[in-house]
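The structure appears below as structure tokens.
Every read-out reported here was derived from the displayed coordinates using simple, explicitly stated rules and does not represent laboratory data. Treat the numbers as computed from the prediction; the structure is a model and nothing was measured. When we count neighbours, we look across all protein chains shown, and the Cβ atoms used for this are built from the backbone with ideal geometry, even at glycine.
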């Protein structure tokens, strides 16, 4: 088993309703998994949101908890429903209604990494899939729900910032030729996962830092925003996708020369985001 399956860092003083989480930055690969894989370790790592946990490690300094996965996405995808099991990979699973994520090999136990490259040479046992979900998926989501419940209890609301990164090439065909591409994409399930007032303030924080922001295209949010976003209950969830080209060499999976500066810039953004969930800001928004 990967230990720890996730890492929670709490602030010394929790003074904001925001909760930050990074479900795809885990990079602790079991040796048994790597030995069975059809890909080498570098190829498998292409599915990571590499270094997102490092970019956001300032979060506790700004009064919010930060939950980061230790479990790699290629092993268990924490941003999928636990029942999204792929019959092309897992023995004993019957084909059900069409699910585009499963069909593309990106269920809760992924069959492929970036560019559709198969991870395995054959199938895996259903018992193994269930063990991964029980040992990694459920502890992460249990902790995430606990943090959101704590925010509700203390502040009367919870705002989840679900932190991700996106390949630079995913933006190449976005919009007309020659148009400026976004640096950040906010996903709120087209308004279903968070109140407009919350998303507007999140967008303003990134824009004030000089970053170009777009909403819901090409990423509107997946299981986490869909499951936890309940704005009618004052529980908001917004997915943050950051262009990897801003801070890393995607081919080598290494920080680039802009990494430290971008990390400092994000610290300022996080400070502005945390302010959204402080009691005074919550009271003003409600008036």
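Among 213, 198, 59, what is the fewest-to-most ranking by other Cβ atoms within 10 Å?
213, 198, 59
Using only the C-alpha atoms of the stretch 132-205, find the volume of their convex hull and express it per residue in Å³.
138
Measure nothing fancy, just the Cα-based angle from helix 196-208's long axis to the longest principal axis of the chain, in degrees from 0 to 90, nearest 10.
The helix 196-208 is inclined about 90 degrees to the chain.
Taking a spot 7 Å from the Cα of residue 145 along the direction of its beta carbon, which residues of the stretch 57-92 have an amide N less than 17 Å from it?
78-84
Could you put 10, 244, 252 in order, starting from the residue whose Cβ has the fewest other Cβ atoms within 10 Å?
252, 10, 244
What's the center-to-center distance, using Cα atoms, between the stretch 115-173 and the stretch 70-100 in Å?
Result: 12 Å between the Cα centres.
Sorting check: for 202-210, 22-30, which peptide has the highest mean count of neighbouring beta carbons within 10 Å, and how do the rest follow?
Packing proxy ranking, top to bottom: 22-30, 202-210.
Can you bin the stretch 205-280 into rounded, prolate or oblate? Criterion: square roots of the alpha carbon gyration tensor eigenvalues sorted a ≥ b ≥ c, rounded for a/c under 1.5, prolate for a/b above b/c, oblate for the rest.
Taking the square roots of the gyration eigenvalues as a ≥ b ≥ c, the stretch 205-280 is oblate.
Just want the ordering: 96, 248, 143, from fewest to most Cβ atoms lying within 10 Å of their own Cβ.
So the ranking, lowest neighbour count to highest, is 96, 143, 248.
Counting helices only, and only those DSSP H runs with n ≥ 4, report the 222 nm mean residue ellipticity of the chain as the sum of -39,500 (n - 2.57) divided by its residues, in deg cm²/dmol to the nearest 500.
Per the formula, -8500 deg cm²/dmol.
Could you tell me what percent of the DSSP beta bridges with both partners in the chain are antiparallel, to the nearest 5?
Percentage antiparallel, nearest 5: 40.
How long are the semi-axes of the equivalent ellipsoid of the chain, taking √(5λ) for every eigenvalue λ of the Cα gyration tensor, in whole Å from largest down?
For the chain, the semi-axes come out at 30, 22, 18 Å.
Percent relative contact order of the stretch 108-231, based on C-alpha pairs within less than 8 angstrom and at least six residues apart?
Relative contact order comes out at 21 percent.
Just to be sure I understand: of the beta bridges DSSP finds with both ends in the stretch 144-279, what percent are antiparallel, rounded to 5?
35
With contacts defined as alpha carbon pairs under 8 Å and 6 or more residues apart, what's the relative contact order of the stretch 66-125 in percent?
39
Using the 2.2 N^0.38 Å rule of thumb for compact globular proteins, work out how the stretch 55-211 stacks up: its C-alpha Rg over that value, please.
1.23
How big is the shadow of the Cα convex hull of the stretch 1-122, averaged over all directions, in nm²?
For the Cα atoms of the stretch 1-122, the hull's average projected area reads 8.6 nm².
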